[in-house]
């Protein structure tokens, strides 16, 4: 099962990715930090979400606009930080940024993204007006 048309849910995408990734990359993307408590909690939280299909409803006038940090979004989708995407694809974060920019999506970047990355993005899409935000991770060093 590798054709995009055959992938129906997140589990299908995970299985397809596992078939293509190197073992180290597969292990990295599948894991969580420390004892993986947050990973387990997140999986459990998503399993509790139930979608109730509403059929025969008038959907001709839907408004999905919302805002994030005083920026208007036509659709409430934001791409969240994921580290080391270069392990999965040679263009890594740049490919994600270009894809998001092509559909005017907001991207929240992880702290390891540097200024050179944003210069590369700007060169690849000079017309880009994409909204970007950086995730800040306060680190407390214990000596």
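Nothing in this text is a laboratory measurement; each read-out follows from the coordinates by a stated rule. Quantities reported herein were computed from a predicted structural model and do not represent experimental measurements. When we count neighbours, we look across all protein chains shown, and the Cβ atoms used for this are built from the backbone with ideal geometry, even at glycine.
Round to the nearest 0.05 the FRET efficiency obtained for residue 19 and residue 82 when R0 = 25 Å and r is the Cβ-Cβ distance.
0.80
State the extension gain, in nm to one decimal, for the chain segment bounded by residue 12 and residue 48, taking 0.36 nm per residue of separation less the distance between their alpha-carbons.
11.1 nm
Expressed in nm to one decimal, what extension gain is obtained for the pair residue 31 and residue 95 from 0.36 nm per residue of sequence separation less their Cα-Cα distance? Don't skip to the end; give the middle numbers.
Values: separation 64, 0.36 × 64 = 23.04 nm, distance 2.26 nm.
Fully extending the segment from residue 31 to residue 95 adds 20.8 nm.
For segment 1-53, just say rounded, prolate or oblate: build the C-alpha gyration tensor, square-root its eigenvalues into a ≥ b ≥ c, call rounded for a/c under 1.5, and beyond that prolate if a/b exceeds b/c, oblate if not.
It comes out oblate by the Cα gyration axes.
What FRET efficiency would be calculated for the residue pair residue 103, residue 3, taking the C-beta separation as r and a Förster radius of 22 Å, to the nearest 0.05?
0.50
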